[in-house]
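Structure first, commentary second.
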Amino acid sequence: MKNQTLLVIHDHSHKIEDYIKYLCLEVLRIPSDLMVILDGKFNEESKEFLHTNGIPFTERNYGNDFQSWREEILAFDPVRLSELDNLILLNDKQFGPISPIDRILLKMSDSQASFWTVSEYPSFLSFQRVQPNFVCFTKKIINSPVFLKNWKLCSSRFDELTGNYWNFLKRKFISSGHIYQTVTESLFKVEKNHTSSLSQIDFLKLGWPFVEIRLFIELFEKLQKTGSSSLPLEIVEYISNRTNYPVSLIKKYVLFNVPPSQYKNIFQLNFIGSEFASRSLELQKKTVALIFFAYFEDLVEVCCKYILSFEETDKIVIVSPKSNVLTAYRERLSQFFADIDFRIQKNRGRNEAAYFITCKDVLDKFDYICLCHDKKLRHLPSKIGEAALKHCFENCLGSKGQVNSIINVLGFSEEVGILTPPTPLFSVWSDISILPYGRNKELCQKIVQNILPHTPFDPQPVAPYGSVFWVKKGA
């Protein structure tokens, strides 16, 4: 078959994302000629990728898929157009192909369809298909006189009248006697009134090679309201276990386009440690350290119980502004650890100075580091301080099994750089999940915008409240 694909890439970050590069190379393997339409301003690295792979491209600035496709179709050599078996219209709003596109093209070639898409209903959420991300026109309609005629008519004024280019084109082609079908009905034999109950993972299992990006980004809140928040993770796990598509492309794109708290929820990055966990053999060669800032002499015994959750081969660093406190820890712990340091620090900067200044060399050197400090919260009733200490310590260094569980998570979860205890929801923190910034939200938005202009602002930030947490080197 002779195929031609027109791929519209929108300017989200002035570059062609890695998942789109993968899509381009897979389209060439269909086989298909590929024309890329760059809708916006793209950097030179993006254009170099296209040049290197022999992919012709044109630059437009419509912000609309159908207008971009229209201009390219009308610019086609009529003779070359008449020789095509399939004209495929694609955009960058989907991850894939998860499975080979040519399988669908081959199977749909046996149908009566003149043109087709995947479905009018992309998911059980019943978002009726308005403008599809994939359309295929076959030779039956390409060589019809109404094909170019209706594309010429498809202009912005019709968009204003009908609200949609696709509905206009579909109605015109069908009224001219051409057969329109969906893959779900023609190939997968799913009745039209049942397609709205299918989810994207059902389409993947049936053989459709694409997953919509919006499921991971703007639709996630709606997924939560319908009790379907696990769907994105189910999709990624299915792709990882059953296909050769690199799920890292999905995770990388989502990571840079949603706030960290949403990424955490999408991929359900919550972990429960085990009392009986042991470090994986693969991770036993990794270096582990504890940086512990100590201030209160009367908490030495309580804190040592938790510090002894580390293995004797781990690096232990105790930092304090008080020499008598360091002496107490030295007498209690030296016999249990082969590599233990005691560092004096001026009474300035508290535990953060201990973590990031006094022990910067530890952060630079070790693979996995627990950052911890004793606490009393003397401005609050003593019971609250005790509860806060227990909450932080039990989650981060509650037992050898807990410590080993955390090391396993950091070692095998590539995208996890920091592990924190769950957000405390008691006492002065009871409303932190509702108003995490308090009165500082507007100021924080400005700071984030200045420092990280391309990073989405996080309305529900994940943070180590209590300043006791684990980090991976480099994070």
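A few points about this structure:
- Sorted peptide list for 357-363, 401-407, criterion being average Cβ within 10 angstrom, highest first: 401-407, 357-363
- Percent of beta bridges antiparallel (DSSP, the chain, rounded to nearest 5): 30 percent
- Residue-wise HN-Hα coupling along region 353-362, computed from phi with Karplus coefficients 6.51, -1.76, 1.60 (Hz; x: Gly, Pro): 5, 4, 5, 9, 10, 4, 10, 4, 4, 5
- Taking region 185-297 and dividing mean pair separation by its residue count, relative contact order in percent (alpha carbons under 8 Å, at least six apart): 20 percent
- Expected 222 nm ellipticity per residue - DSSP helices of 4 or more, -39500 (n - 2.57), all of the chain, to 500: -11000 deg cm²/dmol
- Only Cα pairs under 8 Å and 6+ residues apart enter the sum, and on that basis the relative contact order of region 354-451 stands at 15 percent.
- Ordering Met35, Met1, Met108 by accessible surface, largest first, gives Met1, Met35, Met108; the 1.4 Å probe counts only protein heavy atoms, with every chain in place.
- Considering only beta bridges that DSSP places wholly inside region 1-142, some 30 percent are antiparallel.
- Ordered by solvent-accessible area of protein heavy atoms (1.4 Å probe), largest first, the residues Asp298, Asp11 come out as Asp298, Asp11.
- Whether region 236-283 is rounded, prolate or oblate, judged on the alpha carbon gyration tensor where a/c under 1.5 counts as rounded: oblate
- Solvent-accessible surface (1.4 angstrom probe) belonging to Ile98, in square angstrom, nearest 10: 20 Å²
- Of Lys286/Lys346; Lys315/Lys346; Lys15/Lys251, those spanning more than 25 Å from alpha-carbon to alpha-carbon: Lys286/Lys346
- Gyration tensor (alpha-carbon) shape descriptor, region 1-153, a/c threshold 1.5: rounded
- Taking max minus min of the alpha-carbon positions on each principal axis, the chain gives extents of 92, 46, 44 Å, largest first.
- Square roots of five times the Cα gyration tensor eigenvalues for region 301-423, Å: 22, 19, 16
- Overall, the anisotropy analysis places region 392-449 in the oblate class: the square-rooted eigenvalues a ≥ b ≥ c of its C-alpha gyration tensor yield a/c not less than 1.5, with a/b not exceeding b/c.
- Applying both filters, DSSP loop and at most 14 other Cβ atoms within 10 Å, to the trypsin sites (Lys or Arg not before Pro) of region 240-332 gives Lys285.
- Taking the chain and dividing mean pair separation by its residue count, relative contact order in percent (alpha carbons under 8 Å, at least six apart): 12 percent
- Chymotrypsin sites (Phe, Trp or Tyr not before Pro) lying in DSSP loop within region 401-444, provided at most 11 other Cβ fall within 10 Å: Phe426
- In this rough spin-label picture, where each label sits 7 Å from Cα along the Cβ direction, the Thr58-Leu25 distance is 2.7 nm.
- Fully extending the segment from Asn450 to Glu234 would add 74.2 nm, taking 0.36 nm per residue of separation and subtracting the current Cα-Cα distance.
- For region 175-185, 3J(HN,Hα) per residue [Karplus equation, 6.51 cos²θ - 1.76 cosθ + 1.60, θ = phi - 60°, Hz, x = Gly/Pro]: 5, 8, x, 8, 8, 10, 9, 10, 4, 4, 7
- Label-reachable residues, region 138-154, where backbone N falls under 20 Å from a point 7 Å from Ser175's Cα toward its Cβ: 141-142, 144-154
- Applying 1/(1 + (r/R0)^6) with r as the Cβ-Cβ distance of Lys252 and Lys322 and R0 = 41 angstrom yields a FRET efficiency of 0.35.
The values are calculated or read from the model by the stated rules, or taken from the named source; none is laboratory data. Source: prediction; values computed, not measured. In this analysis, Cβ positions are derived from the backbone assuming ideal geometry, glycine residues included, and neighbour counts consider all displayed protein chains. To get the accessible areas, we keep the full protein, side chains included, count just its heavy atoms, and leave off ligands, DNA and RNA. Shrake-Rupley method; radii C 1.70, N 1.55, O 1.52, S 1.80 Å.
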